Amino acid sequence: MRIRIERERCVGAGQCVRVAPAVFDQADDDGLVRLIEAAPQGPEAERARKAAQLCPAQVIHIEDQG
Ligand code: SF4
């Protein structure tokens, strides 16, 4: 799994950070998402998928590699 975010479209809602705090963070300055781990494994990967579903701006994109 590889994660790509469209940071410029993030609305800072923070759902991703609550669901997957090892993968996403919110920047102290502008409150927008920061990607901590672009290629999570195991349970963290599942949390990242959940975050992508919950993100109100739909800016978290999960790319699965074959
Ligand atoms: S859930 Fe989406 S909109 Fe909210 S902080 Fe995370 S990436 Fe940004």
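The values are calculated or read from the model by the stated rules, or taken from the named source; none is laboratory data. As the structure is a computational prediction, the values presented were derived from the model and not from experiment. In case anyone asks, the SASA skips ligands and DNA or RNA and just uses the protein heavy atoms, side chains included. Shrake-Rupley method; radii C 1.70, N 1.55, O 1.52, S 1.80 Å.
Carbon-plus-sulfur accessible fraction, the range 2-63 (probe radius 1.4 Å, protein heavy atoms only): 47%. Only helices enter this figure: runs of n ≥ 4 DSSP H residues, each worth -39500 (n - 2.57), summed and divided by the residues of the chain, yield -7500 deg cm²/dmol at 222 nm to the nearest 500.
Excluding ligands, DNA and RNA, the accessible surface per residue across the chain is 61 Å² with a 1.4 Å probe.
For helix 42-54, what angle does its Cα long axis make with the longest principal axis of the chain, in degrees from 0 to 90 and rounded to 10? The angle comes out near 50 degrees. Dividing the Cα radius of gyration of the chain by 2.2 N^0.38 Å, with N the residue count, gives 0.98.
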